[in-house]
1. By per-residue mean of other Cβ atoms within 10 Å, what is the highest-first order of 37-47, 164-174, 150-160?
2. State, as an integer percentage, the relative contact order of the chain based on alpha-carbon contacts under 8 Å between residues 6 or more apart.
3. Only sites in a loop by DSSP and with at most 16 other Cβ atoms within 10 Å count here; which GluC sites (Glu not before Pro) in region 140-231 make the cut?
4. Given LEU3, HIS113, THR156, which one lies farthest toward the positive end of the charge dipole of the chain, if we put +1 on the Cβ of every Lys and Arg and -1 on the Cβ of every Asp and Glu?
5. Have a look at the chain and give its Rg and Dmax from the Cα atoms, expressed in angstrom.
6. Kindly rank 23-35, 57-69 from highest to lowest mean number of other beta carbons found within 10 Å of each residue.
7. Determine the sum of side-chain charges near MET24: Lys and Arg each +1, Asp and Glu each -1, restricted to other residues whose C-beta is under 10 angstrom from that of MET24.
8. On average, how much area does the Cα convex hull of region 177-231 cover when viewed from any direction, in nm²?
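Rule-based calculations on the coordinates, nothing more; no lab input. These numbers were taken from a predicted model, which means no experiment stands behind them. Cβ sites come from the backbone with ideal geometry, for glycine too, and all protein chains shown count toward neighbours.
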Amino acid sequence: MKLLNNGNSKTKKGEKLGYITYGMHLSPADKSGYNVCPNASKGCKAACLDTAGRGIMRNVQEARVNKTLFFFKDRQGFLDQLWKETASSIKSAIRKSMIPCFRLNLTSDLPFHKIKNNGQPIMDAFPDVQFYDYTPDPVRMSEFLAGELPSNYHLTFSRKEDNQSICDSIMASGGNVAAVFRDSLPKIWKGKKVVDGDDTDLRFLDPKNVIVGLVEKGLAKKDESGFVISA
């Protein structure tokens, strides 16, 4: 069972800039019986891209559940394999004259910066490559803004229908906030410039203190919780 993939339709857009994103899809929230999204809201659960594209297929869903169970039931085996696949992915990207980067939480929100194998988290084990995530975890985002996380780990804060006040604080502290909009993106939101987050997935290349705008997709089009913003 392979843990990493070399992109979906969104992450593959970065290839035009010379990057290959290797990502990992786990089964989101508590669908597997284990919660990998402790800060999930009703709105983000309903709008999750877990079932987008090939994600709707039964075998894909089963594979994501199995990877999640692997993580919780055989942590050492999971981490050993993740380390091995990361090293292999770096070599593969270099052979293609591409820059490797890694997003381990495509459909999860686990603190990989704290999860250690052989005494160190994966960002420290591979210090010369970029890791990045979206997260609705206010503690992790605050640590990122304070410079307390590995220097090769970039975070964008995720707005949900229940955390606007935290988003305001993050923006006031200079952080980037990702927000989902109805139909189209505004140029300015909450006094901040909106950049197109659908152009590529390479959030670590975004300018600082902006709104990363995403247009509703899939199940998010049916959202009535406030997760999707009608600007």
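1. The packing order, highest mean first, is 150-160, 37-47, 164-174.
2. 21
3. Here the GluC sites (Glu not before Pro) that fit, given the DSSP loop and packing criteria, are GLU148, GLU224.
4. Positive-most Cα among the choices belongs to LEU3.
5. 16.9, 47
6. Ranked from most to least packed, the peptides come out as 23-35, 57-69.
7. +3
8. Computing the convex hull of the Cα atoms and averaging its projections yields 3.8 nm².
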